[in-house]
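Notes follow the structure.
The values are calculated or read from the model by the stated rules, or taken from the named source; none is laboratory data. All of these numbers come straight from a predicted model, not from anything done at the bench. Note: ideal-geometry Cβ built from the backbone for every residue, glycine included; neighbour counts use all protein chains shown. Side chains are part of the model used for accessible areas, which takes the heavy atoms of the whole protein and leaves out ligands, DNA and RNA. Shrake-Rupley method; radii C 1.70, N 1.55, O 1.52, S 1.80 Å.
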Amino acid sequence: MFGAGASFGSGSVIPKPPPMTVDLLIVLERLFPIVWGVLPEGQRDLLRRDFETGMKEISGKNPHALPPLQRSLASFFFGFVPGRDNLYRDLARRIKENAWSGALVSLNYERLLELSLVTEGVRPFIGSPPGNSPSVEICLPHGCCHIFCESVRGAASAISFTGTGVSTRGPVKVIADPAEFANRIRHDAFPPVMSYFDPTKMTTSGINFIEEQRARYDTIVKSTKIVVIVGIRLRPNDRHIWDAIAATNAELIFCSGENAGHEFAEWAKENRKGKPSEVLYGYFDENFEKICSLIGSGHLRIR
């Protein structure tokens, strides 16, 4: 299971690795000044200190701002592409070489993991596996920047709605073509199927997809033998993520920086009593080989 820290530390990314949350507003204000730069200073100050808290403030005081903010956030995350030496691509090559049969979970809005798999000839799937081609399940409990709900369409210039009071259900479509994606972002009233970056991880578009993915995540975590968590900060309020981690009897490996590692270790003492848990103090690149060995029983290596 991968979070923002994994993508930030995954190595070669074009144009550069996506920023950590603490620096996200700086980049968004520069790229989308008429969307993020015009927010009240108090809200922007909250976003700088804690992005999720800032988004919660916006949802309470200015919910009509959420859909355009979400569209611009999706546009930002769509643009990241993994380079040849990216760790996700290295992992994808090993998955293909060894016919690995585990599942990958991403809490991120960017497409780095998916693009890495596709580039290296591994087909990511949700639901039933496709044919005989090399494939691996990918689970997206928070959605992703390029998934759109097809049930309701409307022009962004003609519709304004609160991001907290409206939701859609229905079939979803993954859009990989940059021109088609840009057209949907500019003209669709509803943002992509992405949970809001706030403490509740509320979702406006394609809520049925998010519900299904969270249920699948719960099943994966509770039925597997080992769970490796990379680059995710413990947020106990994200119960749709951490309740399953607390409940599973799987061996748990947590890879993160020192502060996040200590936070998780204390949480695990209280919430995973008697269950195997280990913290790898260090970042994705520092522990990559060990992670590959652990999830592949020592065999997830390029021959």
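With each pseudo-label sitting 7 Å past Cα toward Cβ, what's the Val38-His64 distance in nm, one decimal?
Simple spin-label model gives 1.1 nm for this pair.
If R₀ is 51 angstrom, what is the calculated FRET efficiency for the pair Lys16 and Ala247, using the beta carbon separation as r and rounding to 0.05?
Taking R0 as 51 Å, the efficiency between Lys16 and Ala247 is 0.85.
Once you have the Kirkwood Rh of the chain from its Cα pairs, apply Stokes-Einstein at 25 °C and 0.890 mPa s and quote D in µm²/s.
123 µm²/s
Using a 10 Å cut-off on Cβ atoms, rank the peptides 269-278, 232-241, 64-73 from the highest mean neighbour count down.
64-73, 232-241, 269-278
In the structure shown, do any of Lys16/Lys96; Lys61/Lys222; Lys16/Lys61; Lys56/Lys96 have a Cα-Cα gap over 31 Å, and if so which?
Lys61/Lys222; Lys16/Lys61; Lys56/Lys96
If you count only protein heavy atoms with a 1.4 Å probe, what accessible area per residue comes out for the chain, rounded to a whole Å²?
With the other protein chains kept in place, the chain gives 45 Å² per residue.
Over all alpha-carbon pairs of the range 1-117, lay out the pair-distance distribution in 10 Å bins, whole %, shortest bin first.
Calculated over all Cα pairs of the range 1-117, the distribution is 13, 40, 28, 15, 5, 0 percent.
List the residues, sorted by chain then number, that are 5 or more residues from Val136 or on another chain and whose placed amide H is less than 5 Å from its amide H.
It is Arg123, Phe125, by chain and number.
In Å, what Rg and Dmax follow from the Cα atoms of the range 42-182?
17.7, 54
Below 8 Å, C-alpha to C-alpha, sequence gap of six or more: please give me the relative contact order for the chain in percent.
The normalised contact order for the chain reaches 19 percent.
So, counting K/R as plus one and D/E as minus one, what does the shell of residues with Cβ under 10 Å around Gly206 add up to?
Once positives and negatives cancel, what remains is -1.
Applying 1/(1 + (r/R0)^6) with R0 = 25 Å to the Cβ-Cβ distance of Ser133 and Glu180, what FRET efficiency is obtained, to the nearest 0.05?
Computed FRET efficiency for Ser133 and Glu180 comes out at 0.55.
Using amide H atoms built 1.01 Å from N in the peptide plane, name the residues 5+ places from Glu278, or on other chains, whose amide H lies under 5 Å from its own.
Leu252, Ile253, Phe254
Heavy atoms of the protein only, probe of 1.4 Å, neighbouring chains included. What is the accessible area of Thr219 in Å², nearest 10?
It works out to around 70 Å².
Amide H neighbours of Val172 under 5 Å, at least 5 residues apart or on other chains, H built in the peptide plane: list them.
Glu150
If r is the Cβ-Cβ distance from Lys269 to Thr224 and R0 is 30 Å, what FRET efficiency results, to the nearest 0.05?
The value I calculate is 0.85.
Taking θ = phi - 60°, what integer Hz values does the Karplus form 6.51 cos²θ - 1.76 cosθ + 1.60 yield along the range 115-120, in sequence order, with x for Gly and Pro?
Residue by residue, the range 115-120 yields 4, 5, 4, 4, 4, 8 Hz.
Could you work out what % of the accessible surface of the chain is carbon and sulfur, using a 1.4 angstrom probe and leaving DNA, RNA and ligands out of the count?
Ligands and nucleic acids excluded, carbon and sulfur reach 52 percent.
Could you run the Karplus curve 6.51 cos²θ - 1.76 cosθ + 1.60 with θ = phi - 60° over the range 234-240 and give me ³J(HN,Hα) per residue in whole Hz, x for Gly and Pro?
For the range 234-240, the Karplus curve yields 5, 10, x, 5, 7, 5, 5 Hz.
Can you pull the one-decimal nm distance between simple spin-label points at Ile26 and Ser101, each 7 Å off the Cα toward Cβ?
4.7 nm
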